[in-house]
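Here is the structure we will look at, set down as structure tokens.
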Amino acid sequence: MAVIAQKCPGIKVTVVDMNEQRIAAWNDPNLDNLPIYEPGLKEVVAEARGRNLFFSTDVEDAIDAAEMVFISVNTPTKTYGIGKGMAADLKYVELCARQIARVAKSDKIVVEKSTLPVRTAQSIRTILNAEGKDLNFQVLSNPEFLAEGTAVQDLHKPDRVLIGGGQDEAGQRALNALADIYAGWVDRDRILTTNVWSSELSKLTANAFLAQRVSSINAISALCEKSGADVDEIARAIGMDSRIGPKFLKSSVGFGGSCFQKDILNLVYIAQSYGLTEVADYWEQVIKMNDYQKRRFAENIVQKLFNTVSGKKIAMLGWAFKKDTNDTRESAAIYVADYLLNEQAELWVYDPKVKAEQIYADLDYLNTRSEDENRRLVKVVNDPYEAMDDAHAVAVLTEWDEFKTYDWQKVFEGMKKPAFVFDGRNVSNGRMLGTIGFHYQGIGK
Ligand code: UGA
């Protein structure tokens with residue numbers, strides 16, 4: 001929304017949320033206090049805020065005044081009832097639709113920005129029309145393809161913008177109204193229009209394909225470690241085939257983030273609910289492979305440290321699910337830490353952007369051990385050298401650039417011997433670390 005406001009000064013954008021604290025943070029005069037860390041975002045907010053970008057808790061006023069309403073609430077995996085652990089929980093989307101239906105006094109174009117199961121637009125339309133008002137509601141699907149850490153860049157120069165809408169005249173008019181907004185800075189030939197169902201399902205499909213690439217290369221990484229092949233060399237070799245392409249082939253300790261797992265589970269659930277068992281099983285394997293990769297990384301640490309990490313200090317570099325974000329949702333680091341804590345390791349965590357309370361909250365959420373125990377066994381520090389000092393091993397969980405620039409000679413001297421580095425992101429120079437004296441293990445090496 002901030003980028004729309006930046007690029008279209010003639011459009012008034014109001015971002016509303018019930019959460020007062022969050023809105024206050026978005027309105028904070030100090031732009032370093034915005035609730036999300038994202039490169040380039042504070043510059044965008046600085047340009048548009050107060051001009052045509054506003055943040056408010058007055059949800060009803062904003063709905064009343066708007067011609068177009070974007071529903072951008074979260075759709076987490078259900079934690080109860082039918083579809084528990086798989087289906088998307090649509091209660092927040094439904095609440096938005098009900099609120100719009102109740103408050104609206106004029107025609108509205110309602111845009112699904114949240115990631116939703118295919119055919120959700122049908123439910124939204126039914127709810128909007130149920131109040132029996134003599135108003136025209138159009139429902140569009142406009143999934144978001146930005147990735148965290150590069151969000152602003154992705155929005156400024158999107159590969160494509162996808163808009164799904166009704167095929168009748170009113171539907172096409174609504175669709176064109178939204179396309180015109182994006183055309184303010186995106187080439188028309190990159191604005192793709194489809195029917196609503198294709199648009200909804202494209203979003204889940206895109207994330208499923210992306211995650212599948214990571215799981216595919218990670219599956220090969222396990223084979224590399226057994227056979228002497230190098231997964232980065234393989235990625236380069238296959239990526240030069242233009243049909244495969246070089247992107248998204250970076251082997252890792254496993255993908256994380258709030259989307260991939262949730263969206264694939266949702267896809268699996270949808271396939272199952274249509275009775276398409278083979279389709280469901282096929283996509284579920286992407287998640288299984290990812291779980292295997294995280295477990296394999298942690299198991300390898302225990303095994304290499306002479307089959308016990310009990311009471312041993314292990315430094316974890318990185319907690320975010322990828323670099324350049326402070327987001328930790330579904331981060332591989334959480335699961336690796338949990339595994340090592342079950343083996344009674346003593347963990348010292350350093351991440352340049354993630355706060356200690358977030359790290360403890362992530363561990364507490366798993367409910368594997370008491371909150372006291374998590375705080376006793378895990379220390380979060382602001383200095384990476386303190387984390388690594390006197391440690392038996394260093395585990396790299398996020399690919400932060402700064403990890404490449406550490407004084408590894410100094411780190412080696414301060415560590416217990418033999419000193420191990422387990423690089424879950426292949427960011428370090430393994431050969432150089434080996435020369436210093438480390439026992440180095442990258443992914444797929
Ligand atoms: C992902 C998609 O890339 C976006 O297109 C989509 O809009 C977004 O989900 C969403 O649905 O909101 P995001 O989760 O922010 O974006 O980040 P990605 O760059 O896709 O990374 C996801 C995970 O895969 C990270 O843990 C990353 O480290 C891992 N990854 C990615 C790899 O391990 N290897 C790769 O080659 C690429």
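Tabulated results
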item: Point-charge dipole on Cβ atoms (K/R +1, D/E -1) for the chain, about Cα centre, debye to 20; result: 760 debye
item: In sequence order, calculated HN-Hα J values of the stretch 131-148 (Karplus, 6.51, -1.76, 1.60; Hz; x Gly/Pro); result: 6, x, 6, 8, 10, 9, 10, 10, 10, 10, 10, 9, x, 9, 10, 5, 10, 5
item: Selection from 95, 85, 74 lying farthest towards where the dipole of the stretch 59-109 points positive, charges on Cβ; result: 85
item: Three-way shape call for the stretch 147-217 based on the alpha-carbon gyration tensor, with the a/c threshold at 1.5; result: oblate
item: Pairwise label distance in nanometres, residue 288 with residue 190, each label 7 Å out on the Cα-Cβ vector; result: 3.9 nm
item: Along principal axes, Cα extents of the stretch 1-56, largest first, whole Å; result: 28, 25, 16
item: Principal-axis tilt of helix 196-227 within the chain, Cα atoms, nearest 10 degrees; result: 10 degrees
item: Quarter of Cα convex hull surface for the chain, i.e. mean projection, nm²; result: 23.2 nm²
item: Expected-Rg normalisation [2.2 N^0.38 Å, Cα atoms] applied to the stretch 308-442; result: 0.98
item: Over the stretch 123-271, volume per residue of the alpha carbon convex hull, in Å³; result: 156 Å³
item: Prolate/oblate/rounded label for the stretch 80-188 (Cα gyration tensor, a/c 1.5); result: oblate
item: Whole-Å distance, taken between Cα centres, linking the stretch 152-224 and the stretch 359-406; result: 36 Å
item: Karplus-derived 3J(HN,Hα), 6.51/-1.76/1.60, for each residue of the stretch 18-35, Hz, glycine and proline x; result: 6, 7, 5, 4, 5, 5, 4, 5, 5, 8, 4, x, 7, 5, 6, 9, 4, x
item: Cα-based helix-to-principal-axis angle, 277-304 vs the chain, degrees rounded to 10; result: 30 degrees
item: Hydrodynamic radius (Kirkwood) for the stretch 204-287, which is based on Cα pairs only, to one decimal in Å; result: 13.7 Å
item: Beta bridges by DSSP in the stretch 8-159, antiparallel share as percent, to the nearest 5; result: 5 percent
item: Residues whose placed amide H lies under 5 Å from that of residue 69, excluding near-sequence neighbours; result: 109, 110, 111
item: Footprinting exposure proxy for 8, 96 (fewest neighbouring C-beta atoms within 10 Å first); result: 8, 96
item: Whether the stretch 1-203 is rounded, prolate or oblate, judged on the alpha carbon gyration tensor where a/c under 1.5 counts as rounded; result: rounded
item: Selection from 411, 227, 34, by position along the positive dipole direction of the chain (Cβ); result: 227
item: Cα-centred dipole magnitude for the stretch 187-326, charges only on beta-carbon of K, R (+1) and D, E (-1), debye, nearest 20; result: 540 debye
item: Residues 173, 425, sorted so that the one with the fewest Cβ neighbours within 10 Å comes first; result: 173, 425
item: Per-residue Cβ neighbour rank within 10 angstrom, fewest leading, 197, 319, 283; result: 197, 283, 319
item: On Cα atoms only, tilt of 169-182 relative to the major axis of the chain in degrees; result: 50 degrees
item: Part-to-part distance (alpha-carbon centres) for the stretch 69-136 and the stretch 245-300, which is given in Å; result: 26 Å
item: Integer Hz, Karplus 6.51/-1.76/1.60 couplings in order for the stretch 384-396, x for Gly and Pro; result: x, 5, 5, 4, 8, 4, 6, 7, 7, 8, 10, 10, 9
item: Check: the stretch 242-391 dipole with +1 on Lys, Arg Cβ and -1 on Asp, Glu Cβ, in debye; result: 540 debye
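Values in this text are rule-based calculations from the coordinates and carry no lab data. Computed from a predicted model, the values in this text were never measured in an experiment. Cβ sites come from the backbone with ideal geometry, for glycine too, and all protein chains shown count toward neighbours.
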